[in-house]
Amino acid sequence: MAVRTQFIKSPSAGTMAILNRRRTGHSAGIPANPGAVGLVQGALADMIMAADVAEKAAQVEVEEIRGICPQHITLIGIFGEIADVDTALKAVREFFSLEKGGENNAHRKS
């Protein structure tokens, strides 16, 4: 399964309301109006790895977003300032593009 990403700059109040209803942990570190939200969707093992990569790449908060099919497809939200979320999403994309080529062993050691 491919990993899919979306980048939302300055999310609207309605978008945040949807995400807040679907957030699983309601982390205290997530601002009510973050500068940006990154969404990453894929298999559970991939999303756990994506969360780790994102948090190590930038000053962001990551939380699982409830979906319809949590056994097969999982969604995580990456919350923070625009530049930080952009950096985190780029790191996630890079990790998974390198993984296709089998070159991500250096990332796994971090």
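Structure notes:
- The length gained by stretching the chain between residue 72 and residue 33 to full extension, at 0.36 nm per residue less their Cα-Cα distance, is 11.1 nm.
- Going by neighbour counts of Cβ atoms within 10 Å, the residues 52, 84 line up, fewest first, as 52, 84.
- Over all other residues within a Cβ to Cβ distance under 14 Å of residue 23, the charged ones net out to 0, with Lys and Arg as +1 and Asp and Glu as -1.
- Taking 0.36 nm per residue of separation and subtracting the Cα-Cα distance, full extension of the segment from residue 4 to residue 94 would add 31.2 nm.
Values in this text are rule-based calculations from the coordinates and carry no lab data. Keep in mind the model is a prediction, meaning the values are calculated, not measured. Please note: Cβ atoms are built from the backbone with ideal geometry, for glycine as well, and neighbour counts cover all protein chains shown.
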